[in-house]
Every structure is written in C-alpha cells, then in structure tokens.
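J.: Below is a structure I'd like to ask you about.
The values are calculated or read from the model by the stated rules, or taken from the named source; none is laboratory data. Quantities reported herein were computed from a predicted structural model and do not represent experimental measurements. Cβ atoms come from the backbone with ideal geometry, glycine included; neighbour counts cover every protein chain shown. Note: areas computed on protein heavy atoms with side chains; ligands, DNA, RNA excluded. Shrake-Rupley method; radii C 1.70, N 1.55, O 1.52, S 1.80 Å.
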Amino acid sequence: GGAGDTTGTNIVTLTQTGTNGPQLDFSLVARGGYFKIVLTNNCYFGTPTNLNNTDAKEAWLATQQPSTGTCLVTFTNGQFNWPAGIVPVNDTNAGAVVWYQFRSCPFTNGNVHGWMSLESRNTPR
C-alpha cells in the first residue's frame, strides 16, 4: 500500500498584499487542514476557489494580529455564509489569534459556511 492521503495535515501559509488576503484555495486542503496568516493590515478575503457542491471540503483559517494589533478581517459577501447571517468581528488585540472554520456548501457551488471560534488567545510574537 501507499502512504495514504496526507492532505489532512496541510498547513498553508498565506501572505497578505496591502489589504488583500489571497484567495483560499480549497484544493490545497482537500481533506482538511488549515490556512494561516500573520496580519500586516486590515485583511479582506475574496471568493474562495476550488469549491463545488458535490465534493465535501473543510478547512480552518488561523489569523494572528501583529504586535500593534488593530487589524480587521473581512470576507466577500455572497460566498462566505455565517450563522444567522451575522458576520463575526475578530479580536484586534496585539498578538491575538482567531480561528475560523469553513465547510463547503452542499447546495451552492463556490459557497462556504463559516464559524469563528469563541476564543482567541494573545500569544507572544
């Protein structure tokens, strides 16, 4: 036998450009895994890629505030869906880490359902 599917162990490091985060490419975390980004400014995530309504995908996003904090995280309308339609507001304290969980939508191609963790933690940099 082969080594098996190791895509669940993927950790994809993202780099921010200005106020834009890169697209979350779900083909990089096909069976789970996570994206991580250290914020440098307010960060906007656009439409995620490689999602459909016939292939279940799940991923996490970990964001970390810089030592100065104050960075807001936002997501494009229409592709990211939140409980009760309420977009979460992230912790902006210096060094805070916020986790988001995403699952592909079984009804609509390209959509994900997201949840923000209830806890964030200040971690030393």
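Here is a yes/no grid of residues against (1) within 22 Å of D25 (Cβ to Cβ); (2) open to solvent by less than 70 Å² (accessible area, probe 1.4 Å); (3) hydrophobic (A, V, I, L, M, F, W, C); (4) over 12 Å from the mean Cα position of the chain (by Cα):
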{"site": "K36", "(1), (2), (3), (4)": "yes, no, no, no"}
{"site": "T47", "(1), (2), (3), (4)": "yes, yes, no, no"}
{"site": "Q79", "(1), (2), (3), (4)": "yes, yes, no, yes"}
{"site": "A84", "(1), (2), (3), (4)": "no, no, yes, yes"}
{"site": "N93", "(1), (2), (3), (4)": "no, no, no, yes"}
{"site": "V98", "(1), (2), (3), (4)": "yes, yes, yes, no"}
{"site": "N109", "(1), (2), (3), (4)": "yes, no, no, yes"}
{"site": "G114", "(1), (2), (3), (4)": "yes, yes, no, no"}
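J.: Sticking with this structure for a sec: N41 - would you say it is open to solvent by 30 Å² or more (accessible area, probe 1.4 Å), modelled with pLDDT of 95 or more, more than 13 Å from the chain's Cα centre (by Cα) and of a type outside the set (S, T, Y)?
T.: Yes; evaluated as a whole, the condition is true for this residue.
J.: Return yes when T13 is closer than 21 Å to A96 by Cα, modelled with pLDDT under 95 and in contact with a Lys or Arg (Cβ under 9 Å, 6 or more places away or on another chain) and no when it is not.
T.: Here the answer is yes, as T13 does meet what is asked.
J.: So N52 fits all but one of (1) touching a Leu at 6+ places or on another chain (Cβ under 9 Å); (2) surrounded by fewer than 17 Cβ atoms within 10 Å (Cβ to Cβ); (3) among the polar types (S, T, N, Q); what number is the exception?
T.: (1)
J.: Name the one entry in F80, F107 that is among the aromatic types (F, W, Y), in contact (Cβ under 8 Å) with a residue 40 or more places away in the chain and on the phi < 0 side of the Ramachandran plot.
T.: F107
J.: I'd like the residue in the stretch 24-34 that is surrounded by 15 or more Cβ atoms within 10 Å (Cβ to Cβ) and out of contact with any Pro (no Cβ under 9 Å at 6 or more places or on another chain) and, out of all such residues, is modelled with the lowest pLDDT. Break it down into steps so the answer makes sense when it comes.
T.: Let us first name the residues in the stretch 24-34 that are surrounded by 15 or more Cβ atoms within 10 Å (Cβ to Cβ), namely 24-26, 28-30, 33-34.
Next cut, out of contact with any Pro (no Cβ under 9 Å at 6 or more places or on another chain) only: 28-30, 33-34.
Numbers: L28: 88, V29: 83, A30: 71, G33: 87, Y34: 90.
It comes out as A30.
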